[in-house]
Amino acid sequence: MINTVNRRLEAELQESTGEKVRLCYQCKKCSAGCPVAFAMDLLPHEVMKMVQYGQERRLLQCSTIWLCSSCETCSTRCPNDIDIAGVMDGLREMSLEAVYSSDAERALETARLALGDGRRITVSDRIRELSLGEWEGRLIDDLHAEDPAKLDAWYRTPSTVNLKGGEDLAAFRRRVVSFMDEIIATPGGDAALITHGGVICIYLTHLLRMHVDDLWSFSLPNASITTIVLDFKPRLRSFGETAHLDASALGLDGMPAPL
Ligand code: SF4
Ligand code: SF4
């Protein structure tokens, strides 16, 4: 049997990034220097190989392209001057059908940092963080000093705490779930949502059939990646991944940077 290799992916990447992936001869120097390799499901040299073989579906669904921190260590090590970091950028761009962001400036800034300025982003206040009303912008220490019992109740059974001007937890979950339901019903490929910890956690209470009071059962790092697979039903694939952030604390050869 003779199989033909699908060259479309390689050609499209070359057009969008200018990189000639076919020059890769699998020396693996890129993977050997990648500080995030330990967390990737495909190593950088494997990504290059799969681009050459046109394995589009597998590549666009892999976690590697999202864990890559664009540190460019691989690009500087490549003997063929392939900008592997640029190829990762190109694959990220191709993998997303749509990008949504909360209208909060910090979320929009994160979206621009993660995806570049050219990407079309749909901005919505429906994935804005939970409004804390009278507590908005205040320090935890001050709230504790003011009313420790109220703060304790907020952590244990938040739905029982009435915050003046704040959002009801059940209403918060309804707005987030209705937004997600619309995305799920929209035909197309993968979507990225740049949003807030409370939004992700309240959606997970819905997904995992938990009570709204279980909102704080999750500890979600800032700027982390949570992946939900939408096929026969929404399923949690990964939670709070931060390997793309940890790379900045590592040395160029993947060893911890000196303190
Ligand atoms: S840019 Fe950095 S994190 Fe991304 S694949 Fe290359 S070495 Fe790894
Ligand atoms: S360093 Fe360059 S040539 Fe070597 S495997 Fe990586 S991309 Fe290919």
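Since every read-out is calculated from the coordinates, none of them should be taken as a lab result. As the structure is a computational prediction, the values presented were derived from the model and not from experiment. FYI the Cβ positions are ideal-geometry reconstructions off the backbone, even for glycines, and counts take in every protein chain you see.
About the centre of its Cα atoms, region 99-211 shows a dipole size close to 420 debye [charges on the beta carbon of Lys, Arg (+1) and Asp, Glu (-1) only; nearest 20 debye].
Given charges of +1 on the Cβ of Lys and Arg and -1 on the Cβ of Asp and Glu, with all other atoms neutral, how large is the dipole of region 124-171 about its Cα centre, in debye to the nearest 20?
Details: 6 positive and 11 negative charges, 37 e Å.
Dipole magnitude for region 124-171 comes out near 180 debye.
Inverting the pair-averaged 1/r between distinct Cα atoms of region 8-95 gives 12.5 Å as its Kirkwood hydrodynamic radius.
Expressed as an acute angle from 0 to 90° and rounded to the nearest 10, what is the orientation of the C-alpha long axis of helix 84-95 relative to the principal long axis of the chain? It is inclined by approximately 60 degrees.
Using a 10 Å cut-off on Cβ atoms, rank the peptides 195-202, 55-62 from the highest mean neighbour count down.
Working: 195-202: 21.4, 55-62: 16.2.
With the highest mean Cβ count within 10 Å placed first, the list reads 195-202, 55-62.
Just to check, using Stokes-Einstein with a Kirkwood Rh over alpha carbon pairs, what's the diffusion coefficient of the chain at 10 °C and 1.306 mPa s in µm²/s?
On the way: Rh = 20.6 Å.
After rounding, the answer is 77 µm²/s.
Which is farthest toward the positive dipole end of the chain among Ala39, Gln55, Gly18, measuring Cα position about the Cα centre, with Cβ charges +1 (Lys, Arg) and -1 (Asp, Glu)? Result: Gln55. Only helical runs count toward this figure. For the chain, summing -39,500 (n - 2.57) over DSSP H runs of n ≥ 4 and dividing by all residues gives -11500 deg cm²/dmol at 222 nm.
Only loop residues by DSSP count here, and only those with at most 11 other Cβ atoms within 10 Å; note down the trypsin sites (Lys or Arg not before Pro) in region 99-149 that meet that.
Details: sites: Arg106, Arg112, Arg119, Arg120, Arg126, Arg128, Arg138; in loops: Arg119, Arg120, Arg128, Arg138.
Listed in order of number, the matching sites are Arg120, Arg138.
Taking one quarter of the surface of the convex hull spanned by the alpha-carbon atoms of region 93-155 gives a direction-averaged projected area of 5.9 nm². Between 0 and 90 degrees, the angle of helix 197-207 with respect to the longest Cα principal axis of the chain falls at about 90 degrees. Taking all Cα pairs closer than 8 Å and separated by 6 or more residues, the relative contact order of the chain comes to 20 percent.
Neighbouring Cβ atoms within 10 Å as the yardstick, rank Phe38, Phe172 fewest first. Can you show the working numbers first?
Numbers: Phe38 11, Phe172 21.
Ascending Cβ contact count within 10 Å gives the list Phe38, Phe172.
Amide hydrogen proximity for Ile194: with H placed 1.01 Å from N in the peptide plane, the residues at 5 or more positions away or on another chain lying under 5 Å are Tyr100, Ser101, Ser102.
Using the alpha-carbon atoms, what tilt in degrees (0 to 90, nearest 10) does helix 105-115 show relative to the longest principal axis of the chain? Its long axis makes an angle of about 20 degrees. Between the C-alpha center of region 44-100 and that of region 164-231 there is a gap of 28 Å. Note: relative contact order over region 8-95, using C-alpha pairs below 8 Å and six or more positions apart, is 35 percent.
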